[in-house]
Structures are given as structure tokens and as C-alpha cells.
Amino acid sequence: MSSSWPAGPRRVLVVGIDGVRLDLLPELDTPHLDAVAAAGFLAPVEVDDATPTMSGPCWATIVTGVGVAKHGVFGNHLGGNRLDVFPDFTTRLAAVHRRRTFAAGGWEPLFLARQGGPLFAAPGRLSYIAPLEDTPQAWEVCDERVTAEAVYVLGSDDDPQASFVYLGAVDETAHFLGCGEEYRQSIRTADERLGRLLAAVRARPGYAEEEWTVIVVTDHGHLDQGGHGGRSTLERTAWVAAFGPGIEPGAPVLTVRHPDVAAHVYAALGITPDPHWTLDGRPFTPALARV
Ligand SMILES: [Zn+2]
């Protein structure tokens, strides 16, 4: 079966880290995120006026490439959504383009038929790993297992061409403990996990012949005491970092918005979006926007 799917050298990995404040990054030791930014860019993203600063709607916009008016996810209960019309990129690429896709993480509505989900309806391979309880510690264990699973799959002959890996411990830590030292440590730990995912990509036997795009993205910020959902700058400020074909290191990028992530995934794989998809996003760089 898989031998009939298109091969080609292009691959995309999207790493979603929930609730990472942009303003704290300069003071934190995050060498792997820094390396992604140095190979491409790191840009702020403002959650738009129509979108609640909640994980449900923000992740839905990031992975579908359309805004809330289309995908219909307005909160962390995803019920009433129109994801069947506006699917996530792992589902669309698998169904329409016969690409091998993979999604992994531990937050139920993204991966399970719970709370109106799943957001990731039908990737080629899906790994849901439940946190054993709703605590920062349990979420660190969950993220650790998600990372190990993704390292395995990225290195396996499953050879996913487009992947999404979700890490949730940072957000959970902010909700429980605010944006203090524990939160900062959780961001450093997420960066170590990003490093292992990048190492797994580089260790692939065919890496020299492959053309990888890596996108690291957060959904929203946090208030100092922890919490989000409002319209403050701290809550509305997210970010994207990325490198890959069509992204010149250090060159200016267009203003980046959340729906651009899915649009860039398609562009990076050489796929021209069907106008009927009515994507609201565009690739990060003019070079790829013209492809
Ligand atoms: Zn949250």
C-alpha cells in the first residue's frame, strides 16, 4: 500500500508547544528553538480579534489554515465545528493527496472523540498518550512519552511526510503555578524535547536526500498568574519559528498569522491549495507564496 504513495524528498514536522510566552524566550536557555530560528526565523503572531485566546480555536486555526468563522471551533469544547469541511492538514493530506501523515499528543479533544473532538480526524498514524492525571507532573510524563513515540515514528519506515507533535506541559504548568520558575523550567524541558525531535529527523537514513521544513508554534500566551482567554497583549501574543526550503535564514518574512502554518505546510510539500479549500493563510515567505 505505502509503496503506491508518492515518495519525493519533502517532509514537514510541526511541533506545537502550548502556551509559551514570547516575552520570556529571550531570558531562557532554549538552544534548539534558537537553532530553528537561526536556520529560518522566529516571528510574533497576534491572535486575531475573532479568535478566543484558547487552545481549541487557536490550534484549529493553526492546523486547518482557516479562521474560526470557517472551522467553527470557539472554545476547548470543539462541538459544533465544521472540521469535516475544513480538515486539519494531516487528515487532508492523507485523504486527498495520499501522503503519509502522523499526529501525536496527549490533549483529548485534539486526538479523541471527546469534548467535541477530534481536531485530527484521520491522519495516517495517530498516537494519543493520556496524561495519568491533570497535573503539571503528569503532563511532563505525558510529553516525555509523546516525544519518545514521535522520535520512534519519525525514524521508522513509516516515514511520515507531514507530522504534528503536541506538547502540553508548559500550558498546564502555567495554569497550576503561574508563569514563575516552574513555568520557565517547563519551557526549557520542552526545548530539550524539541531537540530530540530534531535529532530524530537528522538521524534518518535518507536525511541527506530529504528536504525538511520544521515549524515550531505556540497557540497563545499567559497572564503572569497563569491563565488566558482574554484580549490582553500577553494572552494574544503567540509565535512561530520555522526553517526549510523557501525560507532564507534571517531574511524578512511576511507578517505571520496562525492560519499561515497549514498554508505553509501545503506549500512546503509542493501542493497548491484548491481554491475551494478557501484557506485564510499563506506561506510564510514570498518565495513559497509564489510556488
Ligand atoms: Zn491553557
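Just so it is clear, none of the values below were taken in a lab; they were calculated from the coordinates. Fair warning: this is a prediction, and the values are worked out from it, not measured in the lab. Neighbour counts run over all protein chains shown; Cβ positions are idealised from the backbone, glycine included.
For the pair Arg82/Ala38, report the inter-label distance in nm, with labels modelled 7 Å from Cα in the Cβ direction.
Once both label points are built, they end up 4.4 nm from each other.
Just how far, in whole angstrom, is segment 242-278 from segment 191-238 if you go by their alpha carbon centroids?
Here the two parts' Cα centres lie 16 Å apart.
Given the C-alpha centroids of segment 21-64 and segment 117-163, what is the distance between them in whole angstrom?
20
So for the pair Leu24, Gln115, with labels modelled 7 Å out along Cα→Cβ, what separation do we get in nm?
That separation, rounded to one decimal, is 2.0 nm.
Once a ≥ b ≥ c are taken as the square roots of the eigenvalues of the Cα gyration tensor of segment 119-171, is the result rounded (a/c under 1.5), prolate (a/b larger than b/c) or oblate (a/b not larger than b/c)?
On the way: a/c = 2.60, a/b = 1.80, b/c = 1.44.
Taking the square roots of the gyration eigenvalues as a ≥ b ≥ c, segment 119-171 is prolate.
Taking amide hydrogens as modeled 1.01 Å from N in the peptide plane, which residues meet the under 5 Å criterion relative to Val45, leaving out close sequence neighbours?
Ala238, Trp239, Val240
For the chain, modelled as a GNM with alpha-carbon contacts under 10 angstrom, which of Gly116, Gly67, Gly80 fluctuates the most?
Gly80
For Glu108 and Ala138 in the same chain, what is the full-extension length gain: residue separation times 0.36 nm, less their Cα-Cα distance, in nm? Could the numbers behind the result be given before it?
Details: separation 30, 0.36 × 30 = 10.80 nm, distance 1.43 nm.
Full extension from Glu108 to Ala138 adds 9.4 nm.
Compare Glu144, Glu235, Glu209 in a GNM of the chain, Cα atoms joined below 10 Å, and give the one with the largest fluctuation.
In the Gaussian network model the winner is Glu209.
Take the alpha carbon gyration tensor of segment 9-120, find the square roots of its eigenvalues, order them as a ≥ b ≥ c, and report rounded if a/c is under 1.5; if not, report prolate when a/b exceeds b/c, else oblate.
Details: a/c = 1.94, a/b = 1.31, b/c = 1.47.
Oblate is the answer for segment 9-120, as a/c is 1.5 or above yet b/c matches or exceeds a/b.
To make sure I understand, if each residue's beta carbon is the centre and we count other beta carbons within 10 Å, what order do His97, His258 fall in, fewest to most? Let's see the in-between values first.
On the way: His97 16, His258 29.
Lowest to highest Cβ neighbour count: His97, His258.
Which is farthest toward the positive dipole end of segment 31-96 among His32, Gly72, Cys58, measuring Cα position about the Cα centre, with Cβ charges +1 (Lys, Arg) and -1 (Asp, Glu)?
Gly72
Please turn the phi angles of segment 224-233 into ³J(HN,Hα) values with the Karplus equation 6.51 cos²θ - 1.76 cosθ + 1.60 (θ = phi - 60°), one per residue in order, whole Hz, x for glycine and proline.
3, 7, x, x, 7, x, x, 10, 5, 4
Of Pro283, Val256, Leu194, which is farthest on the positive side of the dipole of the chain, counting Cα position, with +1 on Lys and Arg Cβ, -1 on Asp and Glu Cβ, and the Cα centre as origin?
With unit charges placed on the Cβ atoms, the residue in question is Pro283.
Report, in deg cm²/dmol and to the nearest 500, the calculated mean residue ellipticity at 222 nm for the chain, where each DSSP H run with n ≥ 4 adds -39500 (n - 2.57) and the sum is divided by the residue count. Intermediate results must be reported in sequence, preceding the final value.
Details: 11 runs with 104 residues, N = 291.
So the helix-based figure for the chain works out to -10500 deg cm²/dmol.
Taking a ≥ b ≥ c as the square roots of the eigenvalues of the Cα gyration tensor of segment 174-291, is the shape rounded (a/c under 1.5), prolate (a/b larger than b/c) or oblate? Provide the component values of the computation, followed by the final result.
On the way: a/c = 2.56, a/b = 1.37, b/c = 1.86.
The shape class here is oblate.
Sort the following peptides by mean Cβ neighbour count (other Cβ atoms within 10 Å, averaged over residues), highest first: 271-283, 82-94. Don't skip to the answer; put the middle values down first.
On the way: 271-283: 15.8, 82-94: 22.8.
My ranking of the peptides, most packed first, is 82-94, 271-283.
Applying 1/(1 + (r/R0)^6) with R0 = 25 Å to the Cβ-Cβ distance of His276 and Arg98, what FRET efficiency is obtained, to the nearest 0.05? Show your work: numbers first, answer last.
Details: r = 19 Å, r/R0 = 0.74.
About 0.85, to the nearest 0.05.
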